[in-house]
Amino acid sequence: MEKFFWSDPPGQYAFPVARAGYPVVFASAFATLVFALLGFAVLSFLGLLATFCICGFFRDPDRAIPEKEDAVVSPADGKIIYIGKAENNPLHSENGIKISIFMSVFNVHVNRIPYEGQIKKIDYFPGKFFSANLDKASEQNEHNAVCLETRFGDEICFVQIAGLIARRIICYIKPGEQVLKGQRFGIICFGSRLDVYLPDKFQIDVRIGEKVKAGTSILGRFSPHHP
């Protein structure tokens, strides 16, 4: 039987919301209350609907992480839109594999660590806001690159990329931190993309068009050289 573990403690609520969404949820709920007190029925209904939609976008479900030492999990919910050679690799390597995940507004947008290790560096780049499903979004859009070194000496880089609507990238971690596979590390607001850069010796277990979930879906595995 496959084993799982919790990288983050399970939440206390049946419908958890990411803390980044609290100000937006509270603002929408407050406006709805004001409309209701003033007797604006239509505006109250629209405000209530908007509040529920915002809560849905910022939902942050608990995830049980597969306990497989060599497995790298998806850092985001969404659809695989690219698997191939890693050009302009943030790891400054001429080789490597790149896997891109596109997140629509209907996906959970909380991002999770793909593999345990130490955060070596985090580089933020201001940029444009092309649609996140376009190839040029990886290089030209606003993005935040997180590079991690595993205890085996391998390097992984995962990049939060803003999209056409996404205008806010949030990253909670800092260089030097030790992190766990599946641990929450950030969120991108309102539709976006996440690229994962992996070494050549990585065995890919996903395909283009496949839907994945952060923390639970396995992107692939390291080569057998790992103990």
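The values are calculated or read from the model by the stated rules, or taken from the named source; none is laboratory data. Note that this is a predicted model, so its numbers are computed, not measured. Please note: Cβ atoms are built from the backbone with ideal geometry, for glycine as well, and neighbour counts cover all protein chains shown.
Within the range 130-146, which residues are outside any strand (DSSP E or B) and crowded, with 17+ Cβ neighbours inside 10 Å?
If the condition is that a residue be outside any strand (DSSP E or B) and crowded, with 17+ Cβ neighbours inside 10 Å, then Phe130, Ala132, Asn133, Ala137, Ser138, Glu142 are the ones that fit.
So which residues in the range 54-82 are out of contact with any helix residue (DSSP H, G or I) (no Cβ under 9 Å at 6 or more places or on another chain) and either in a helix (DSSP H, G or I) or of a type in the set (Phe, Trp, Tyr) (or both), if there are any at all?
Gly56
Considering only residues that are surrounded by fewer than 24 Cβ atoms within 10 Å (Cβ to Cβ) and under 13 Å from the mean Cα position of the chain (by Cα), look in the range 101-115 and name the one that is farthest from Phe58 (Cα to Cα).
Taking the candidates together, the pick is Phe102.
Show the residue pairs that are 6+ apart or on different chains and have beta-carbon atoms under 9 Å apart, the first residue being within the range 208-224 and over 18 Å from Arg184 (Cβ atoms), the second being assigned to a strand (DSSP E or B) and of a type in the set (D, E, K, R).
Between residues of the range 208-224 that are over 18 Å from Arg184 (Cβ atoms) and residues that are assigned to a strand (DSSP E or B) and of a type in the set (D, E, K, R), the close pairs are Ile208/Lys79; Gly209/Lys79; Glu210/Lys79; Lys211/Lys79.
I'm checking my understanding of the structure. Among residues of the range 171-194 that are basic (Lys, Arg) and surrounded by 17 or more Cβ atoms within 10 Å (Cβ to Cβ), which one is nearest to Glu149 (Cα to Cα)?
Lys181
Quick test for you: out of Phe15, Phe45, pick the one residue that is surrounded by 12 or more Cβ atoms within 10 Å (Cβ to Cβ) and either among the aromatic types (Phe, Trp, Tyr) or assigned by TED's automatic domain parsing to the domain that holds Val212 (or both). Break it down into steps so the answer makes sense when it comes.
Details: Phe15 fails: surrounded by 12 or more Cβ atoms within 10 Å (Cβ to Cβ).
Only one candidate passes the filter, namely Phe45.
Which one is modelled with the lowest pLDDT, of the residues in the range 1-19 that are part of a loop (DSSP other than H, G, I, E, B) and hydrophobic (A, V, I, L, M, F, W, C)?
Met1
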